[in-house]
There are 2 protein chains.
Amino acid sequence: MPSEELVRRYAELAVRVGLNLRKGQDLQIICHVEHAPFARAVAAVAYAHGARRVSPFYSDQHIRRSMLEHAADDVLEWSPPWTAARLEHLHEERGAELGITGDPNPDINDGIDGKRIARARPKELMHRAAEIIFDLKTVNWCNVAYPNEGWAERVFGEPDVERLWDLVARAVRLDEADPVRAWEEHMARLGDRAARLNEQKFDAVRFRGPGTDLEIGLLPGSVWGTAGFETSYGHPFVPNMPTEEVFTTPDPSRTEGTVRATRPFGPLPGTIVDGLELRFEGGSVVDVRAEQGADVVRGQLENDPGAARLGEIALVDGQSRVGRLDVVFWDVLFDENAACHIAYGKGLPDGLAPGTDGANEASTHTDFMIGGPEVDVDGIDADGAATPILRADEWVLA
Amino acid sequence: MPSEELVRRYAELAVRVGLNLRKGQDLQIICHVEHAPFARAVAAVAYAHGARRVSPFYSDQHIRRSMLEHAADDVLEWSPPWTAARLEHLHEERGAELGITGDPNPDINDGIDGKRIARARPKELMHRAAEIIFDLKTVNWCNVAYPNEGWAERVFGEPDVERLWDLVARAVRLDEADPVRAWEEHMARLGDRAARLNEQKFDAVRFRGPGTDLEIGLLPGSVWGTAGFETSYGHPFVPNMPTEEVFTTPDPSRTEGTVRATRPFGPLPGTIVDGLELRFEGGSVVDVRAEQGADVVRGQLENDPGAARLGEIALVDGQSRVGRLDVVFWDVLFDENAACHIAYGKGLPDGLAPGTDGANEASTHTDFMIGGPEVDVDGIDADGAATPILRADEWVLA
């Protein structure tokens, strides 16, 4: 097990850098029952930093499994009024929200039909949550992962929690003497990359590699940014720890070609998608293949009209702390930061210039990795000229 | 650890006899994080019995401890809107609610001021919850205890969960070949006692023993009943497992004399009150003494005007399955069923004839044990004549 000191330092980092918690703020912690030790550490740190009230919301994957086995279809999609009340409080009080990831029971949904898993989500609530988080921006939020036995077992084939802590600590810069300062420097470096991309005013981005020849058009308002976010009232926070990406919001109608995922991923709790291949025409997915989990992806894409169009392009190079660990974490918060990725589903307003629109609309947002040493990334001008951005996993755009 | 089969049978008993769950009903499970294994067993059984949706609500005593250490006074009393929404859903949908007891962290509040602990409760919500549960009666509910290490450590001085399971199983009749039938017979026996008491139409009840000489007046509408409850729409359920009592709701203005608790108890999570002595005048507590925890009781009595008057009298004889285990469980669900007890605070409408009133009003209801082999219990007629009910722990009222 990790030292109490390590857990406390991690909690400090999440509260101070990730959430950048304000004095007098309410904090909601969203996690699984198995994350309780970390939720407790975060609560103690948050109160010490002046939180008004810390409220944990624990979910239970086992009880959810029973629901998936037995409940009627309409129950799977139901939005509980208590979760709505939680969200509205967060919004009205300009609260902070910490999400804890690190799946404690990766096999929990074995044997459940993929389409049923994809259907089992509170549609109304997810729409409202996305509105509050991404459009109204009243909440400073952050996702961090908590190493646990189930997750370690999934990553290493054995419940080596110690080893997972070591990797996670390196990924989130807890191995630095002053992690808070290390994060400031890191975010500045990523900010510099975003600035260079914005200078170029590319019209599209092209990925080419084994199984991949994909061109994604950008919007006139597409801007490149980092996970250095701000609330509507100007309060900065870092929503993902780790983060290694610069990203933008593409034109949902201008994706053409084929793409092969370079890493497996788990789009929904307990699911695995491996060897995904998508073909796009006129912006939309028209063909889904995979060695494993194609039904889960198809279920997601059928959920609403926008689900089969792209909402994000993110660029990550081989210097990524996550990528250099060379491990599949089965946790999107980590795996998306190992390599370039794109997301089908909702487009983030943060990837658009203020006052512009055109981002894809959908209730979900699923990232999957398409980058790696064999995948070249180019920026394409309006006249079709290509400028190299990444070659052999190295950032080459000056 | 208990066998999976024992846990499943216990869950069955809670769902079938305790809640008497209806097909298509929503079930809410209220418990601590440490109760998750039992919550999961209950959810599986409930879905198998046709529950529409099972929703667990986990609380975290460690995070609550941080709140008690740091939060402002008004935060301690705050009623979260999400809990209000949960309650209203339960009420509107005529749902079922299972509470799981068995304190996993009995020492969690060590060092926190007793009055602060007493203050830390969502007053508005508790009032509304009591209204829904006891006045509107739209919910079939049940409290059961789940053996765990912390609770076992508190009971035995060592975390002997196996031994605690053995005692709990005997108390709730899981040692019977057909526990469901054993419960039917048991509830019929208690019902018979209540009927005999109601025939007598006593005007008061008197307790006399070491340190105790207490007379509690009854209301014209006071009726004796068992924990065989019914919802407003006539659906029967058993809210406490175990239950060994017959009870009534007394006249809150007519308690006189002194009473000494015969067992220690924990009125609020993490608290211990031992050697409690109360003196009553004109229905109200006028003096509080205790070897331990007097401040917790005083804090409760100050919470609202009705807190210092009685809301319940319950009679339990030496045949009680709980009493015969001869263990202090530090859990009111068990300990109150070991001996006669009274409660300061809210009077239950279930102890009054329909259409009558006069029950004490308060936001809390705290039971403590005053019976035992040395305490005689008499029924007193309107003309002052005494009729023995209990002598030397034996039921003597014919």
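The values are calculated or read from the model by the stated rules, or taken from the named source; none is laboratory data. It should be emphasised that the depicted structure is a prediction, and the values quoted were computed from it without experimental measurement. For neighbour counting, all protein chains shown are included, and Cβ atoms are generated from backbone atoms with ideal geometry for every residue, glycine included. Note: accessible area is taken over every heavy atom of the protein model, side chains too, but ligands, DNA and RNA are not part of it. Shrake-Rupley method; radii C 1.70, N 1.55, O 1.52, S 1.80 Å.
Is it the case, given these coordinates, that B:His127 is farther than 15 Å from A:Ser55 by Cβ and either open to solvent by 20 Å² or more (accessible area, probe 1.4 Å) or out of contact with any helix residue (DSSP H, G or I) (no Cβ under 9 Å at 6 or more places or on another chain) (or both)?
Against the criterion (farther than 15 Å from A:Ser55 by Cβ and either open to solvent by 20 Å² or more (accessible area, probe 1.4 Å) or out of contact with any helix residue (DSSP H, G or I) (no Cβ under 9 Å at 6 or more places or on another chain) (or both)), B:His127 qualifies.
When segment A:106-115 is examined, which residues are found to be away from chain B (no Cβ under 12 Å) and either open to solvent by less than 50 Å² (accessible area, probe 1.4 Å) or without any contact (Cβ under 8 Å) to a residue 40 or more places away in the chain (or both)?
Across segment A:106-115, the qualifying residues are A:Pro106, A:Asn109, A:Gly111, A:Ile112, A:Gly114.
Please find, within segment B:252-280, the residue that is most open to solvent (accessible area, probe 1.4 Å) out of those that are of a type in the set (Val, Ile, Thr) and over 20 Å from the mean Cα position of the chain (by Cα).
Looking at the filtered set, the residue picked out is B:Thr258.
Of these, A:Asp367, A:Asp304, A:Asp287, A:Asp383, which one is modelled with pLDDT under 95, charged (D, E, K, R) and either over 30 Å from A:Arg154 (Cα atoms) or out of contact with any Pro (no Cβ under 8 Å at 6 or more places or on another chain) (or both)?
A:Asp304
Which members of segment B:17-27 meet the condition of being over 28 Å from B:Gln61 (Cβ atoms), touching a residue at least 60 places away in the same chain (Cβ under 8 Å) and not charged (D, E, K, R)?
Correct list: B:Val17, B:Asn20, B:Gln25.
Looking for something over 25 Å from B:Gly221 (Cβ atoms) and more than 16 Å from the chain's Cα centre (by Cα) - is there at least one such residue anywhere in segment B:340-358?
no
With the condition kept exactly as written, say whether any residue in segment A:195-208 is open to solvent by 30 Å² or more (accessible area, probe 1.4 Å) and over 21 Å from A:Val396 (Cα atoms).
no
Quick check on my filter: what residues within segment A:319-341 are surrounded by fewer than 20 Cβ atoms within 10 Å (Cβ to Cβ) and hydrophobic (A, V, I, L, M, F, W, C)?
Matches in segment A:319-341: A:Leu325, A:Val327, A:Val328, A:Trp330.
What number of residues within segment B:173-192 satisfy the criterion of being among the basic types (Lys, Arg) and surrounded by 19 or more Cβ atoms within 10 Å (Cβ to Cβ)?
Qualifying residue count for the region: 1.
Residue-wise test of (1) open to solvent by 10 Å² or more (accessible area, probe 1.4 Å); (2) within 9 Å of chain B (Cβ to nearest Cβ); (3) of a type outside the set (Lys, Arg).
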| position | (1), (2), (3) |
| --- | --- |
| A:Pro2 | yes, no, yes |
| A:Leu19 | no, no, yes |
| A:Gly50 | yes, yes, yes |
| A:Arg94 | yes, no, no |
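So which helices (runs of 4 or more DSSP H) stay within segment A:242-346 end to end and still have 1 or more residues that are free of Cβ contacts under 8 Å to residues at least 60 places away in the same chain?
A:294-303, A:321-325
So B:Pro2 clears everything in (1) at pLDDT below 95; (2) under 24 Å from the mean Cα position of the chain (by Cα) except one condition, right? Which one?
Single failed check for B:Pro2: (2).
Quickly run through segment A:216-234 and pick out the residues that are of a type outside the set (S, T, N, Q) and open to solvent by 70 Å² or more (accessible area, probe 1.4 Å).
Across segment A:216-234, the qualifying residues are A:Pro220, A:Glu230.
Identify, by number, the condition in (1) surrounded by 23 or more Cβ atoms within 10 Å (Cβ to Cβ); (2) at the interface with another protein chain (Cβ under 9 Å from one of its Cβ atoms); (3) in contact with a Leu (Cβ under 6 Å, 6 or more places away or on another chain) that A:Thr83 doesn't meet.
In the conditions (1) surrounded by 23 or more Cβ atoms within 10 Å (Cβ to Cβ); (2) at the interface with another protein chain (Cβ under 9 Å from one of its Cβ atoms); (3) in contact with a Leu (Cβ under 6 Å, 6 or more places away or on another chain), A:Thr83 misses (1) alone.
Any residue at all in segment B:28-41 that is assigned to a helix (DSSP H, G or I), open to solvent by 20 Å² or more (accessible area, probe 1.4 Å), more than 7 Å from every other protein chain (Cβ to nearest Cβ) and free of Cβ contacts under 8 Å to residues at least 60 places away in the same chain?
Yes, the conditions are met somewhere in segment B:28-41.
Taking A:Phe57 and the conditions (1) more than 24 Å from A:Ala14 (Cα to Cα); (2) open to solvent by 40 Å² or more (accessible area, probe 1.4 Å); (3) not in a loop (DSSP other than H, G, I, E, B), which numbered condition does it fall short on, given that it satisfies the others?
Status for A:Phe57: all satisfied but (1).
Quickly run through segment A:122-131 and pick out the residues that are out of contact with any Asp or Glu (no Cβ under 6 Å at 6 or more places or on another chain) and either modelled with pLDDT under 90 or outside any loop (DSSP other than H, G, I, E, B) (or both).
Hits for segment A:122-131 are A:Glu124, A:Leu125, A:Met126, A:His127, A:Arg128, A:Ala129, A:Ala130, A:Glu131.
Just give me the residues in segment B:370-394 being under 29 Å from B:Val296 (Cα atoms) and touching a Phe, Trp or Tyr at 6+ places or on another chain (Cβ under 7 Å), in sequence order.
Of everything in segment B:370-394, those that are under 29 Å from B:Val296 (Cα atoms) and touching a Phe, Trp or Tyr at 6+ places or on another chain (Cβ under 7 Å) turn out to be B:Ile370, B:Val375, B:Val377.
Kindly list, by first and then second residue, each pair from a residue in segment A:362-374 that is open to solvent by 10 Å² or more (accessible area, probe 1.4 Å) to a residue that is of a type in the set (A, V, I, L, M, F, W, C) and part of a loop (DSSP other than H, G, I, E, B), limited to pairs with Cβ atoms under 7 Å and residues at least 6 apart or on different chains.
These pairs meet every condition: A:Gly372/A:Ala339; A:Pro373/A:Ala392.
Can you tell me which residue among A:Asp73, A:Asp103 is open to solvent by less than 60 Å² (accessible area, probe 1.4 Å), acidic (Asp, Glu) and more than 11 Å from chain B (Cβ to nearest Cβ)?
A:Asp103
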